[in-house]
Amino acid sequence: MIQGSTPLLFVWNDMNEPSVFSGPELTMLKDAVHCGDWEHRDLHNLYGFYQHMATVEGLITRSGGLERPFVLSRSFFAGSQRLGAVWTGDNVANWEYLKISVPMVLSLSLAGIAFCGADVGGFIQDPEPELLVRWYQAGALQPFFRGHSANVTNRREPWLFGDEVTAAIRTVIQQRYSLLPYWYTLFHQAHTSALPPLRPLWVEFPEEESTFSVDSQYMLGDKKLFIFFFPEVVLWGPDCCIETIPPEGAKRLWTTSSL
């Protein structure tokens, strides 16, 4: 670790695919040779994984093995769930990227990467006020929750968008904090059983075949169902019917809503 670093310094491993902007594939050439005469084509997915692992081990050493480290990594591989958080990478501040963030984190969760999320507000370009609020609402319901943007974008602190936006985002963050005991319970469950906090509906309701292709809503644990509406993205049509799956033994409920 950095000489003289404090116990409050944690680490974000970025660009560790590795990223090489001047190359034809934005990473190392496949025939680049590493130590031991291994070509990069054989090590690409392991490069960031072992960087992530080494960082975690450094933080554990710094605390004498007494504290759990936090290390965020952009590159990850099978087994990265044992090391820390990941995110979905550079995204764009538009409704389509907000929409696809939900199936992306569901896919990561099913692959065993439980501590995952997407950049709130989009990394590239500037979100309009409604998009920013909607993204905070969605991001606060993902395991890893943060705002992040490129240094060439406009500043996007909530209060810069006015009182209404600030109040809406504050409410979302307060709700996130109120759920922290539930999040901790779900992460303990993920640690002991590999069952992720975010679950497609079919995980909890495997007998309901209609849920098998649903990726615009999910369960947070086995207690909370979240459904997302994206006003500028056509999901099913102007008059869609949303089915809410009830707990076993409860009465089936139907709601209709226009997008």
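Summary table
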quantity: Looking only at the range 131-190, and only at residues there that are aliphatic (A, V, I, L, M) and part of a loop (DSSP other than H, G, I, E, B), the one that is farthest from Leu98 (Cα to Cα); calculated: Leu179
quantity: Output for the range 66-105, where each listed residue is open to solvent by 10 Å² or more (accessible area, probe 1.4 Å) and part of a helix (DSSP H, G or I); calculated: Gln81, Arg82, Trp95, Glu96, Tyr97, Lys99, Ile100, Pro103, Met104
quantity: Some residue of the range 91-99 being more than 12 Å from the chain's Cα centre (by Cα), at pLDDT 95 or above, of a type in the set (A, V, I, L, M) and within 30 Å of Leu225 (Cβ to Cβ); calculated: yes
quantity: Flag if Pro7 is in contact (Cβ under 8 Å) with a residue 40 or more places away in the chain and either under 25 Å from the mean Cα position of the chain (by Cα) or under 24 Å from Ile113 (Cα atoms) (or both); calculated: no
quantity: Flag for Leu43 being over 28 Å from the mean Cα position of the chain (by Cα) and surrounded by 12 or more Cβ atoms within 10 Å (Cβ to Cβ); calculated: no
quantity: Residue satisfying condition, being in contact with a strand residue (DSSP E or B) (Cβ under 7 Å, 6 or more places away or on another chain), over 17 Å from Gly84 (Cα atoms) and acidic (Asp, Glu), within set Glu39, Glu25; calculated: Glu39
quantity: Among (1) surrounded by fewer than 17 Cβ atoms within 10 Å (Cβ to Cβ); (2) modelled with pLDDT under 90, the one test that Ser213 misses; calculated: (2)
quantity: Any hit, the range 14-29, residues being open to solvent by less than 100 Å² (accessible area, probe 1.4 Å), under 27 Å from the mean Cα position of the chain (by Cα) and among the aromatic types (Phe, Trp, Tyr); calculated: no
quantity: Count of residues meeting criterion [closer than 19 Å to Val102 by Cβ and part of a helix (DSSP H, G or I)] in the range 191-215; calculated: 6
quantity: Hits in the range 1-13 (condition: under 17 Å from Thr88 (Cα atoms) and open to solvent by 60 Å² or more (accessible area, probe 1.4 Å)); calculated: Trp12
quantity: Answer residue from the range 118-156, given it is among the polar types (S, T, N, Q) and open to solvent by 10 Å² or more (accessible area, probe 1.4 Å) and is farthest from the chain's Cα centre (by Cα) among those; calculated: Asn154
quantity: The lone exception for Tyr218 - which of (1) in contact (Cβ under 8 Å) with a residue 12 or more places away in the chain; (2) assigned to a helix (DSSP H, G or I) it fails; calculated: (2)
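Yes or no, residue by residue, for (1) modelled with pLDDT under 90; (2) touching a helix residue (DSSP H, G or I) at 6+ places or on another chain (Cβ under 9 Å); (3) of a type in the set (Ser, Thr, Tyr); (4) at positive phi:
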position	(1), (2), (3), (4)
Leu8	yes, no, no, no
Val33	no, yes, no, no
His44	no, no, no, no
Phe49	no, yes, no, no
Met53	no, yes, no, no
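The values are calculated or read from the model by the stated rules, or taken from the named source; none is laboratory data. In this text the structure is predicted, and so the values were computed from the model without any measurement. Every residue, glycine as well, gets a Cβ built from its backbone with ideal geometry; the counts of neighbours run over all protein chains shown. The area values use the complete protein model at the heavy-atom level, side chains included, leaving out ligands, DNA and RNA. Shrake-Rupley method; radii C 1.70, N 1.55, O 1.52, S 1.80 Å.
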